[in-house]
1. Quickly work out the Glu111-to-Ala137 label distance, labels modelled 7 Å from Cα along the C-beta direction, and quote it in nm with one decimal.
2. By what distance, in whole Å, do the Cα atoms of segment 19-142 stretch along each of the three principal axes, largest value first?
3. What does the extension gain come out to for Glu66 and Gln98, with contour length at 0.36 nm per residue minus their alpha carbon separation?
4. Using θ = phi - 60° and the Karplus form 6.51 cos²θ - 1.76 cosθ + 1.60, what ³J(HN,Hα) does each residue of segment 39-50 get, whole Hz, x for Gly and Pro?
5. 7 Å from Cα along Cα→Cβ at both Thr85 and Thr38: what's the point-to-point distance in nm?
Amino acid sequence: MAGSNNEQKSSEYSAPVAERRTLRLIKTGSLLFGVFETEVATTATWRTPTPLPDAPPAILGVVSIEGRMLTVLDTLKLLGESNKTTPRQILSLRGEEQLALAIDEAPETIEVNAEEMERSGQSEAIALAGTVNHQGAKVLVLDTERLFVAAFEGRERRRRRS
């Protein structure tokens, strides 16, 4: 009996613990996005990016934040939405691609489990990792590693068709 008790205890302790991650919520237009906090460098006050010649519509231009030149992306245009307002902030992302997102606000962070996120069935071009429900609202979780490619994807498809 003592052996079975030990076996029971070891199986209780070996159960996998759900990984909790912090998700930064981002409001842009009428949509709510999420970026994992480990992928966020800083949030800065809006400044108009310097446009890049022949850039796709989702690329607004470049700005310098904390000594880094960042390519600013319009998240709504990545999803084929139009943005009728001027963003109020720039969310700088970590990573080699040196990207930033034009946002209205980043109101809060939330904790999520990996199981809570529904994986995206969307096209790779959209750069969505999945969705999370937060207080009845659908949060579109961005896959920051695919953002730059997604910004160019629509342009490449148009080029191939012509």
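Derivation of every value follows stated rules applied to the coordinates shown; laboratory data play no part. Given the structure is predicted, the values throughout are model-derived calculations rather than measurements. Cβ: placed from backbone, ideal geometry, glycine included. Neighbour counts: every protein chain shown.
1. For the pair Ala137/Glu111, the computed spacing is 2.1 nm.
2. Rounded to whole Å, the extents work out to 41, 29, 25 Å.
3. Between Glu66 and Gln98, full extension yields 10.3 nm more.
4. Karplus values, whole Hz, x for Gly and Pro: 9, 9, 8, 6, 10, 10, 5, 4, 9, 5, x, 6.
5. The answer from the label model is 3.2 nm.
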